[in-house]
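Asker: Provided herewith is a single structure, encoded as structure tokens, for subsequent inquiry.
All of the numbers you see were taken from the coordinates with simple rules; none came from a lab. Every value quoted in this text rests on a predicted model; they were computed, and no experiment measured them. Here Cβ is always computed from backbone atoms with ideal geometry, including for glycine, and neighbour counts include all displayed protein chains.
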Amino acid sequence: MMVPNMHLLVIEAPEIASKVKAGQFVIVRANDEGERIPLSIAEWDREQGTITTIFMEVGASTGTLACLEKGDTVATCVGPLGNATEIAHYGTVICIGGCYGIGSIYPVARELKAAGNRVITVLEARSSYLIYWAKKFVPLSEKIFNITRDGSLGMKGHINRLTEIIHSLPKPPDRIIVNGCTYLMAHTSEATRDLGITTVVNLNPIMIDGTGMCGVCRVTVGGQMKFACVDGPEFNGHEVDWKEFLSRRKAYMSEETLFSRRSEPKTETHKEGKCQA
Amino acid sequence: MNEEKNPEKQSRIDLNRRDMPKQSPEMRSHNFNEVALGYTEELAFGEASRCLQCKKPRCVTGCPVEIDIPGFISCVVRKDFSAGIKKLKEKNCLPAVCGRVCPQESQCESQCILKNKGAEVAIGRVERFLADWEAKSGEVDVPPKAKPTGKKVAIVGSGPAGITVAGDLVLLGHEVTIFEALHKAGGVLTYGIPEFRLPKAIVAREVEYVKSLGVKVVTDFVVGKTRSIDELLEAFDAIFIGTGAGLPWFMDIPGENLNGVYSANEYLTRMNLMQGYRFPHSATPIKRHKKFAVVGGGNVAMDSARTALRMGADESRIIYRRSHAELPARLEESENAEDEGVIFSMLTLPVKYIGDENGWLKEIECIKMELGEPDASGRRKPVEMPNSNFRIEMDAVVCAIGNSPNPLVPSTTPGLETTRHGTLVADEQTGKTTRSRIWAGGDIVTGAATVILAMGAGRKAARAIHEYLTTGKE
């Protein structure tokens with residue numbers, strides 16, 4: 001666990017590590033009874049042959065993954081799937097990360113910087129203690145903005161404060177790329193629509209095979225049916241039907257809550273009542 | 001001489017086509033066990049004895065892989081089952097599968113001379129009996145393997161075509177590796193066809209068999225993503241592409257992205273590959289919908305509708321735009337479905353899905369159809385009847401109107417030509433594609449078809465690949 005409820009998983013997968021590009025994902029199955037779930041790739045080491053994913057524990061499958069110990073194996077790890085992020089010299093790009101997306105936006109920011117862009121990073125979380133990897137963004141970013149719901153770090157509020165950030169810049173950014181929860185991506189897209197700034201989102205719908213076979217990840221983009229696994233996962237955020245996307249993502253919410261959280265904090269927690277020390 | 005007129009044979013013609021024992025509809029619609037239980041030895045003998053052993057057997061011409069049908073049947077009559085299975089396997093390396101899912105009624109059995117009397121020999125059932133006998137006896141005959149040639153072949157996809165090519169080439173001494181995108185081998189046999197029609201243990205057995213011959217099976221490997229075809233060509237001498245038809249079609253009508261609207265691939269994959277029917281024991285969730293509809297009339301549609309019943313649906317309904325006579329499903333499957341309580345709404349076409357406030361399917365708006373003039377397929381074309389729209393309440397609908405080939409491999413392999421249907425261009429006799437050292441077969445070439453055709457294509461490609469590996473001629 002890196003920060004409460006957010007887990008980092010390093011998987012030895014040399015074939016995937018040798019091919020992966022920013023913006024791609026893997027499908028992971030924790031064990032033989034496990035569900036296949038897509039996880040964005042946040043980091044990789046081609047020499048060590050490892051990939052790193054960061055995920056939030058929300059239900060059965062992520063719970064099982066969260067309980068893995070160092071040296072354990074996963075039943076399936078397949079990829080790299082989806083299309084890579086389009087990297088080019090755009091000028092100024094704002095990279096927004098929230099939740100697991102702080103991890104997956106990191107290689108995007110790195111590639112953009114390498115391609116000669118000015119990168120401005122925006123990290124969003126409920127509170128300061130939920131922000132991770134902040135230091136990794138320092139050498140890449142011209143500027144880093146933090147937004148926390150409780151105001152414990154940076155600006156107080158949520159992503160609707162993005163417009164203030166944009167207006168504080170000498171000139172509007174040429175592109176915005178956002179990775180994270182549906183609300184973050186949808187609200188970012190809403191905020192930038194009228195400003196006419198290209199906004200790229202990395203969608204994370206329910207998937208099974210991840211190769212275009214089942215169609216469960218279908219999403220309406222610009223009035224057309226697209227499969228996020230093979231046509232995406234990145235799309236123009238202004239064209240995504242967010243209401244439909246959110247409702248499809250929540251399709252199995254009641255099944256997910258059949259399970260309670262199964263991992264426990266690894267560090268000693270404060271016990272209520274008497275202090276033992 | 002016409003066999004039928006032969007007085008001697010006439011006298012012993014037995015028109016009692018032996019029925020296959022089945023689980024009762026009441027029982028089987030509540031479990032996932034196999035519906036058809038298979039012939040006993042006595043039934044198999046009785047059925048085999050009805051074969052007239054025609055000198056010019058027409059059944060063989062009806063078989064896409066030309067199995068010596070009278071040959072294996074006569075072995076059953078002699079009760080030499082071991083010889084029978086050997087005979088079968090000369091041409092068909094997946095008899096336990098084909099004996100279950102081959103459309104025999106439109107292939108071998110349709111050509112049987114006894115069909116004129118309405119009692120064609122149940123060739124498929126005898127085939128299945130032999131395959132099951134072999135499995136039970138535990139004496140799986142492993143044919144002799146040729147000396148290693150040092151040549152390496154990569155096979156993309158572990159469905160019926162890929163398994164066939166792998167089995168044939170490994171016996172010829174080549175080193176064979178199968179790459180499978182999913183976590184279990186078998187292709188459509190594993191993710192698509194339900195347990196009650198093709199037990200997964202049988203598919204696993206076939207996969208284990210080719211593995212026992214020395215074939216390496218690499219799962220969780222997406223060719224086109226994990227490695228491209230061109231990268232594989234660096235490590236392998238030849239490649240066979242058998243990636244099937246896995247891209248689901250939708251109807252392009254309003255409301256198709258509502259929750260509760262599934263492609264047949266999704267619904268069946270959740271159930272079969274992911275074992276959703278065991279949820280929450282297995283972690284992949286599946287809804288237990290009460291009012292369930294399936295659009296389409298093929299075997300996949302029947303599989304979906306029957307699966308829904310087993311998951312406890314109060315109503316499972318097939319919605320098909322033509323009439324009963326045009327159902328593309330095997331008669332046996334549509335009858336099984338009907339016996340189990342699947343309702344058939346024929347000459348009906350969905351035009352719109354209507355959702356509730358939470359984005360879940362609530363109703364289907366349909367229109368009535370009538371049959372007009374025959375279309376290109378030779379079937380009478382369904383025509384909409386104006387102002388016949390009506391709505392039915394539904395919790396879920398499965399779209400089972402077909403699949404096209406998955407573009408993942410063609411789109412990542414320069415120079416591999418495709419047709420306008422997205423299928424690969426390949427020589428009919430050899431499976432040779434437009435690229436050097438690459439062959440293809442099965443649904444990726446023909447579009448969605450049958451297991452036996454995929455197997456037949458695999459056989460031919462294996463022969464051509466062997467020819468290339470030994471002579472260098474493509």
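Asker: In the stretch B:110-238, if the dipole is taken from +1 on Lys/Arg beta carbons and -1 on Asp/Glu beta carbons about the Cα centre, which of B:Tyr191, B:Ile178, B:Leu114 is farthest to the positive end?
Answerer: Checked the options; the winner is B:Leu114.
Asker: Given R₀ = 35 Å, what would the calculated FRET efficiency be for B:Asn387 paired with B:Lys115, taking r from the Cβ atoms and rounding to 0.05? Please report the intermediate quantities before stating the final value.
Answerer: Numbers: r = 44 Å, r/R0 = 1.26.
Result of the calculation: an efficiency of 0.20.
Asker: In addition: Could you tell me how many cubic angstrom of Cα convex hull volume the stretch B:3-137 has per residue? Could the numbers behind the result be given before it?
Answerer: On the way: hull volume 15.2 nm³, N = 135.
Looking at the stretch B:3-137, the number lands at 112 Å³ per residue.
Asker: Return the FRET efficiency for the residue pair B:Met27, A:Asn31: r is the Cβ-Cβ distance, R0 is 41 Å, and the value is rounded to the nearest 0.05.
Answerer: 0.80
Asker: Highest mean first, how do A:95-105, A:113-123 rank when packing is the count of other Cβ atoms within 10 Å averaged over residues? Intermediate results must be reported in sequence, preceding the final value.
Answerer: On the way: A:95-105: 26.9, A:113-123: 19.7.
Order by mean packing, descending: A:95-105, A:113-123.
Asker: Also, I was wondering about something else. Where does the stretch A:45-143 land on the Kirkwood hydrodynamic radius, alpha-carbon pairs, in angstrom?
Answerer: After inverting the pairwise mean of 1/r, the radius is 15.5 Å.
Asker: If R0 is 51 Å, what FRET efficiency do you get for B:Glu208 and A:Asp241 from their C-beta distance, rounded to 0.05?
Answerer: Given R0 = 51 Å and the Cβ-Cβ separation, E is 0.65.
Asker: Around B:Arg379, with a cut-off of 12 angstrom between Cβ atoms, what is the net charge of the other residues, counting Lys and Arg +1 and Asp and Glu -1?
Answerer: Here the charged neighbours net out to +1.
Asker: Something else: Does anything in the stretch A:144-167 have its amide N under 11 Å from the 7 Å Cα→Cβ label point of A:Glu190, and if so which residues?
Answerer: The answer is A:159-160, whose backbone nitrogens lie closer than 11 Å to the label point.
Asker: Please enumerate, by chain and number, the aspartates and glutamates with C-alpha under 12 Å from the C-alpha of B:Lys381, excluding those fewer than 8 residues away in the same chain.
Answerer: B:Glu326, B:Glu370, B:Glu373
Asker: Over 12 Å, how big is the tail of the calculated P(r) for the stretch B:85-140, in percent of all Cα pairs?
Answerer: Cα-Cα pairs in the stretch B:85-140 separated by more than 12 Å: 65 percent.
Asker: Provide the descending list of Cα extents for the stretch B:192-326 along its principal axes, expressed in whole angstroms.
Answerer: Principal axes ranked by extent give 52, 34, 34 Å for the Cα atoms.
Asker: Separate question: Residue by residue, what Karplus-based ³J(HN,Hα) values in Hz, rounded to whole numbers, does the stretch A:8-14 have, using 6.51, -1.76 and 1.60 with θ = phi - 60° and x for Gly and Pro?
Answerer: Calculated HN-Hα couplings, in order: 10, 10, 9, 10, 7, 8, x Hz.
Asker: Follow-up. So what are chain B's ellipsoid semi-axes, whole angstrom, largest first, if each one is the square root of 5 times an eigenvalue of the alpha-carbon gyration tensor?
Answerer: 35, 31, 21
Asker: Right, next: For A:Val200, what residues show an amide H to amide H distance below 5 Å, using hydrogens built from the backbone and excluding near sequence neighbours?
Answerer: Those lying under 5 Å, H to H, from A:Val200 are A:Ile176, A:Ile177, A:Val178, A:Gly237.
Asker: With a/c under 1.5 counting as rounded, go ahead and sort chain A into rounded, prolate or oblate using the C-alpha gyration tensor (a ≥ b ≥ c being the square roots of the eigenvalues; past the cut-off, prolate if a/b is larger than b/c, else oblate).
Answerer: Because its axes are fairly even, with a/c under 1.5, chain A counts as rounded.
Asker: Taking each residue of A:244-253 in turn, how many C-beta atoms of other protein chains fall within 10 Å of its C-beta, and what is the average?
Answerer: Taking all residues of A:244-253 together, the mean is 4.
Asker: Shifting gears a bit: Mean 1/r over all different Cα pairs, inverted: what Kirkwood radius does the protein assembly as shown give, in Å?
Answerer: 28.2
Asker: Under a straight-distance cross-link criterion of Cα-Cα below 17 Å, which lysines are reachable from B:Lys184, leaving out those fewer than 8 residues away in the same chain?
Answerer: Cross-link targets: B:Lys200, B:Lys211, B:Lys216.
Asker: Please go through the residue pairs B:Lys22/B:Lys362; B:Lys55/B:Lys117; B:Lys22/B:Lys56 and name each one whose alpha carbons sit more than 30 Å apart in this structure. Display every interim value, and only then the final one.
Answerer: Values: B:Lys22/B:Lys362 36 Å; B:Lys55/B:Lys117 19 Å; B:Lys22/B:Lys56 33 Å.
Going by Cα-Cα distance, B:Lys22/B:Lys362; B:Lys22/B:Lys56 fall outside the 30 Å limit.
Asker: Still on this structure, please answer the following. Could you estimate the translational diffusion coefficient of the stretch A:92-253 from the Stokes-Einstein equation, with Rh from the Kirkwood formula over C-alpha pairs, at 10 °C and 1.306 mPa s, in whole µm²/s?
Answerer: The estimated diffusion coefficient comes to 99 µm²/s.
Asker: What nm distance separates the two modelled labels at A:Glu142 and B:Glu41, each placed 7 Å from Cα along Cα→Cβ?
Answerer: 8.4
Asker: Once Rh for the stretch B:250-401 is found with the Kirkwood sum over Cα pairs, what is the Stokes-Einstein diffusion coefficient at 20 °C and 1.002 mPa s, in µm²/s?
Answerer: On the way: Rh = 15.7 Å.
Value of D from the Cα-based Kirkwood radius: 136 µm²/s.
Asker: Report the relative contact order of the stretch B:274-391, percent, no decimals, based on alpha-carbon pairs under 8 angstrom and at least 6 residues apart.
Answerer: 18
Asker: Still on this structure: Sequence gap at least 6, Cα distance under 8 Å: using those rules, report the relative contact order of the stretch A:92-253 to the nearest whole percent.
Answerer: This gives 18 percent for the stretch A:92-253.
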